[in-house]
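Notes for the one structure printed next.
The values are calculated or read from the model by the stated rules, or taken from the named source; none is laboratory data. Keep in mind that what you see is a predicted model, and the values were worked out from it rather than measured. Every residue, glycine among them, receives a Cβ derived from its backbone with ideal geometry; neighbour counts consider all protein chains shown. Ligands, DNA and RNA are stripped out before the accessible areas are found, and what is left, the full protein with its side chains, is counted by its heavy atoms. Shrake-Rupley method; radii C 1.70, N 1.55, O 1.52, S 1.80 Å.
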Amino acid sequence: MEFGVMVSNSPAFIDAKTAIEVGRKAEELGYDSFFLSDHYMMPYSAEWYETYEALTFLSYLAAKTLRIRLGTCVTPIPFRHPGTLAKTISTMDVLSNGRIILGVGAGWVRREFEAYSQWDEGKVRVKKTREGLRLMIRLWTEEEVDFEGEYYKASGAVLKPKPVQKPYPPLWFGTLGEYMLKLTVRYGDGWIPWVRTTPE
């Protein structure tokens with residue numbers, strides 16, 4: 001059994017310097033992984049609107065560590081364009097020498113979607129997640145990609161360098177919804193259950 005550490009990306013919970021120290025100490029103590037939440041604006045109060053951009057933060061931490069795996073808990077796929085996200089994750093995986101885990105979700109904080117992206121009803125966000133994953137996986141594994149979905153398109157897209165991890169970085173799903181759990185079974189390498197989930 002392996003153990004990991006997860007912290008919030010908001011200074012309201014932990015400041016950047018301490019979060020980096022936690023990640024480095026976790027590696028020193030033999031923990032398997034370090035996860036950072038991926039939000040731009042948390043809904044709890046105004047002080048939680050201050051956040052660190054998770055992918056940038058983890059890239060920095062990758063340069064400060066050698067072995068511990070680094071992941072998001074979790075990244076809402078509909079929040080960013082999946083082609084751009086695939087490129088970012090691939091670069092992070094190369095720079096970290098294959099230590100990136102992508103936490104996958106459909107998103108739930110309406111306020112941050114309306115501020116930085118586009119909010120859609122739950123079914124649409126789930127459909128965007130599925131379609132976005134299909135595009136990302138093709139970009140990670142194929143030489144050139146033409147893709148036309150309901151929400152996303154790509155024409156002659158070439159993503160290089162490819163991720164170090166093959167066929168691509170592990171996908172860990174953070175979800176309890178029935179359809180998203182089906183996506184977890186289909187695409188997931190791991191599951192991040194909510195803390196109130198019972199063993200059953």
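The charge dipole of the chain, taken about the Cα centre with unit charges on the Cβ atoms of Lys, Arg (+1) and Asp, Glu (-1), comes to about 260 debye, rounded to the nearest 20.
Accessible surface of Ser45, taken over heavy atoms with a 1.4 Å probe and every protein chain present, rounds to 50 Å². Largest accessible area first, the listed residues His81, His39 line up as His81, His39 when surface is computed with a 1.4 Å probe on the assembled protein chains. Judged by the ratio a/c of the largest to the smallest principal axis of the C-alpha gyration tensor, segment 86-129 counts as prolate, that ratio being 1.5 or greater while a/b is larger than b/c.
Per-residue ellipticity at 222 nm for the chain, helices alone: DSSP H runs ≥ 4 residues times -39500 (n - 2.57), over residue total, nearest 500 deg cm²/dmol?
Working: 6 runs with 75 residues, N = 200.
Only helices count here, giving -12000 deg cm²/dmol.
DSSP beta bridges confined to the chain are antiparallel in about 15 percent of cases. Note on the chain: with a GNM built from Cα contacts shorter than 10 Å, the maximum mean-square fluctuation among Val124, Val164, Val104 falls on Val124. Ranking of Thr72, Thr18, Thr198 by solvent-accessible surface, largest first: Thr198, Thr18, Thr72 (1.4 Å probe, protein heavy atoms only, all chains present).
Using a Gaussian network model of the chain in which every pair of alpha carbons under 10 angstrom is joined by a spring, one finds that among Lys153, Lys25, Lys17 the greatest mean-square fluctuation is at Lys17.
Net charge of the neighbourhood of Val22, taken over other residues with C-beta under 12 Å away and scored Lys/Arg +1, Asp/Glu -1, is 0. Among residues other than Phe79 with Cβ under 13 Å from its Cβ, the summed charge is 0 (Lys and Arg +1, Asp and Glu -1).
Shape verdict for segment 53-95, please, from the Cα gyration tensor: rounded (a/c under 1.5), prolate (a/b greater than b/c) or oblate.
Judged from the Cα gyration tensor, segment 53-95 comes out prolate (a/c at least 1.5, a/b above b/c).
Largest GNM mean-square fluctuation among Tyr60, Tyr52, Tyr151, using the chain with Cα springs under 10 Å: Tyr151. In segment 141-187, Cα pairs under 8 Å separated by at least six residues give a relative contact order of 25 percent. For Phe3, the solvent-accessible surface with a 1.4 Å probe is about 130 Å², rounded to the nearest 10. Classification of segment 1-62 by its C-alpha gyration tensor yields a prolate form. The axis ratio a/c (a ≥ b ≥ c) is 1.5 or more, and a/b outweighs b/c.
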